[in-house]
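What follows is a short report on a single structure.
We did not get these values from a lab; they are worked out from the coordinates using the rules stated. No experiment lies behind these values; they were computed from the predicted model shown. Quick reminder, even Gly has a Cβ in these numbers, built from the backbone with ideal geometry, and neighbours come from all protein chains shown.
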Amino acid sequence: MEKGGYAYILSSKGKRLYTGVTAQLQIRVTQHKAKKNPASFASRYNINQLVYYEAFATIGEAIARESTIKNMHRLEKIQLIVALNPTWRDLSEDWGKPIAPFDESKLKPHTTF
């Protein structure tokens, strides 16, 4: 059975971009942040903020999408990012952090008409 995959875009603080593909997004982003391959483009330019990703049912689909993204002009990549992540937030920054329990007391009462 084939695993799914992800096409993703990382950014540096200066908005230098890197496009990649992986079957395990969390592990791959962690590797980028740790500069597992110090000689790589992403490591050399401190490109380690996950700003965009898409999930696919198969790794083949993810590879095809990565290829499409890599062939886009920079402006098109920026438009892709901004459409889903207008503040360029690092989408991985909350991974591994505890999630606060749901607090029902903060809900507003529902009114029916």
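Of the numbered criteria (1) within 20 Å of residue 94 (Cα to Cα); (2) aliphatic (A, V, I, L, M); (3) in contact with a strand residue (DSSP E or B) (Cβ under 8 Å, 6 or more places away or on another chain), the one residue 42 fails is (1).
Among the criteria (1) within 10 Å of residue 10 (Cβ to Cβ); (2) touching a strand residue (DSSP E or B) at 6+ places or on another chain (Cβ under 8 Å), the one residue 33 does not fulfil is (2).
If I ask for residues that are free of Cβ contacts under 8 Å to residues at least 24 places away in the same chain and either touching a helix residue (DSSP H, G or I) at 6+ places or on another chain (Cβ under 9 Å) or of a type outside the set (S, T, N, Q) (or both), which ones from segment 79-92 would you list? Full working, then the answer.
Kept after step one, since they are free of Cβ contacts under 8 Å to residues at least 24 places away in the same chain, are these residues of segment 79-92: 79, 82-83, 86-87.
Within segment 79-92, 82, 83, 86 qualify.
Filtered by the rule that a residue be touching a Lys or Arg at 6+ places or on another chain (Cβ under 9 Å), over 23 Å from residue 58 (Cβ atoms) and among the hydrophobic types (A, V, I, L, M, F, W, C), segment 17-40 gives a lone residue, 17.
One residue is enough: does segment 86-102 have a residue meeting the conditions β-branched (Val, Ile, Thr), over 18 Å from residue 10 (Cβ atoms) and surrounded by fewer than 12 Cβ atoms within 10 Å (Cβ to Cβ)? Within segment 86-102, one or more residues are β-branched (Val, Ile, Thr), over 18 Å from residue 10 (Cβ atoms) and surrounded by fewer than 12 Cβ atoms within 10 Å (Cβ to Cβ). Considering only residues in segment 1-23 that are over 20 Å from residue 73 (Cβ atoms) and in contact (Cβ under 8 Å) with a residue 12 or more places away in the chain, the one that is nearest to the chain's Cα centre (by Cα) turns out to be 6.
Of all residue pairs spaced 6 or more apart or on separate chains, those with beta-carbon atoms under 6 Å, a first member in segment 40-53 that is buried (at least 16 other Cβ atoms within 10 Å of the Cβ) and a second member that is hydroxyl-bearing (Ser, Thr, Tyr) and assigned to a strand (DSSP E or B) are 42/18; 47/18; 49/11; 51/11; 53/6; 53/8.
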